[in-house]
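For reference, the structure is listed below as structure tokens.
Each value in this text was obtained by applying a stated rule to the coordinates, not by laboratory testing. In this text, all values refer to a predicted model and were calculated from it rather than measured experimentally. When we count neighbours, we look across all protein chains shown, and the Cβ atoms used for this are built from the backbone with ideal geometry, even at glycine.
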Amino acid sequence: MRKIIPLFILLLIFSCKSSVKTESKTITITNSELETMVTYLASDELQGRNTGSEGIEKAAIYLENQLKSYEVKPYFETYKDHFKVDSINVFNVVGVIEGNDPKLKNEYIIIGAHYDHIGISKKIMDNDSIANGANDNAAGTSSVIAMAKYFSAKKNNKRSLLFVLFSAEEKGLLGSKHLAEKLKAENINLYTMVNMEMIGVPFKDRDYVAFVTGYDKSNMAIKMNEYLGSHVIGFSDIAKKYNLFRQSDNYAFYKEFNLPCHTISSCDLSNYDYYHHVDDETDKLDYNHMASLINTIIPAIEKMSNSLTKEIVMYEE
Ligand SMILES: [Zn+2]
């Protein structure tokens, strides 16, 4: 016999549902906010954000102000995590959103991207010598800020989230190496790291939206797809061929912690002609793609930060 549910219980269920709906804010990252951030970071005013330059200093101030405006707290005493490159003082920018679970908040997930670029290029094209680094990596940097904004508004993460903008990546992953060593010395309980690189252009010929570097080192891609219920993150043989796993800041953390630390990207150099080129400019990017990718993967980061156990694990070598 079918169960007959009394009307008042039905009404109760529906009223509860609707009240939950109004309480939980819907936050969507828009293409225009991403374009605004990339446009500033990749503007000629910032002179290609070379480590130690005036331009990157301006970028850092901008990023700190963004984090502050979204009420993301500094992880250290200030947002600046200082280190030296060729005896010049430089710094990563580090914000934190503490987890809301008394136990799990002691476990950390790093969401990172490098905000430096290569500055003034020797290749001069149409009187332009500023390597603006829009895709590499104003795009990834903007995605980290966007996710910081999202999680600061939602505060639905049980684990703590570190939002890190790395300097001196282009000098050989120096910013990430510095921070990885520092956090290791602090004995941080790191779970995993998601690093964002060159997500400004889409693939046209793949059955996935983005790839993860070091695909076969951990189950991160498989888990993310499982969390999302679709094949969003794939394997790029080109990324494997060029060993892109070792070419970005995830690698410094992998080396220090031997944990699943990967880079997510939608560009493996086969779908963008302007890598480290003065024409890597704001107008080359597809902001609809960027917003869509970020909005798509956020639920996977949410699941990562809320799973009862650390489900993303390294494969045995
Ligand atoms: Zn890069």
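I'd like to know if the range 53-60 contains one or more residues that are of a type outside the set (Asp, Glu), free of Cβ contacts under 8 Å to residues at least 40 places away in the same chain and either in a loop (DSSP other than H, G, I, E, B) or surrounded by fewer than 23 Cβ atoms within 10 Å (Cβ to Cβ) (or both). Yes, the range 53-60 contains at least one residue that is of a type outside the set (Asp, Glu), free of Cβ contacts under 8 Å to residues at least 40 places away in the same chain and either in a loop (DSSP other than H, G, I, E, B) or surrounded by fewer than 23 Cβ atoms within 10 Å (Cβ to Cβ) (or both).
Is one or more of the residues making up the range 122-137 within 16 Å of the ligand (Cβ to nearest atom), hydrophobic (A, V, I, L, M, F, W, C) and either surrounded by fewer than 24 Cβ atoms within 10 Å (Cβ to Cβ) or within 18 Å of VAL278 (Cα to Cα) (or both)? Yes, the range 122-137 contains at least one residue that is within 16 Å of the ligand (Cβ to nearest atom), hydrophobic (A, V, I, L, M, F, W, C) and either surrounded by fewer than 24 Cβ atoms within 10 Å (Cβ to Cβ) or within 18 Å of VAL278 (Cα to Cα) (or both). Among the residues of the range 158-174, none qualifies, meaning not one is over 27 Å from SER43 (Cβ atoms) and assigned to a helix (DSSP H, G or I). Pairing each residue of the range 127-144 that is closer than 24 Å to ASN65 by Cα with any residue that is among the basic types (Lys, Arg) and part of a helix (DSSP H, G or I), provided the two are 6+ apart or on different chains, yields C-beta distances under 9 Å for ALA134/LYS284; ASN135/LYS284.
Rundown of residues vs (1) more than 16 Å from the ligand (Cβ to nearest atom); (2) in contact with a strand residue (DSSP E or B) (Cβ under 6 Å, 6 or more places away or on another chain), yes/no style:
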site	(1), (2)
PHE203	yes, no
VAL212	no, yes
ASP216	yes, no
ILE222	yes, no
TYR227	yes, no
ILE233	yes, yes
ASN243	no, no
ASN250	no, yes
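Residue-by-condition table, conditions (1) of a type in the set (S, T, N, Q); (2) closer than 25 Å to SER307 by Cβ:
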residue	(1), (2)
LEU190	no, yes
ASN195	yes, yes
ILE199	no, yes
ALA221	no, yes
GLY234	no, yes
PHE245	no, yes
PRO260	no, yes
SER270	yes, no
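Do the conditions hold for ALA146, that is, is it aliphatic (A, V, I, L, M) and either over 21 Å from the mean Cα position of the chain (by Cα) or within 16 Å of the ligand (Cβ to nearest atom) (or both)? No, not satisfied. Figure legend. Inter-residue proximity from the range 236-265: first residues over 17 Å from MET196 (Cβ atoms), second residues of a type in the set (Asp, Glu) and away from the ligand (no atom under 14 Å from the Cβ), beta-carbon distance below 7 Å, spacing 6+ or different chains. Indicated pairs: GLU256/GLU181. When residues in the range 149-175 are screened for being over 11 Å from ILE110 (Cα atoms) and within 16 Å of the ligand (Cβ to nearest atom), 10 of them pass.
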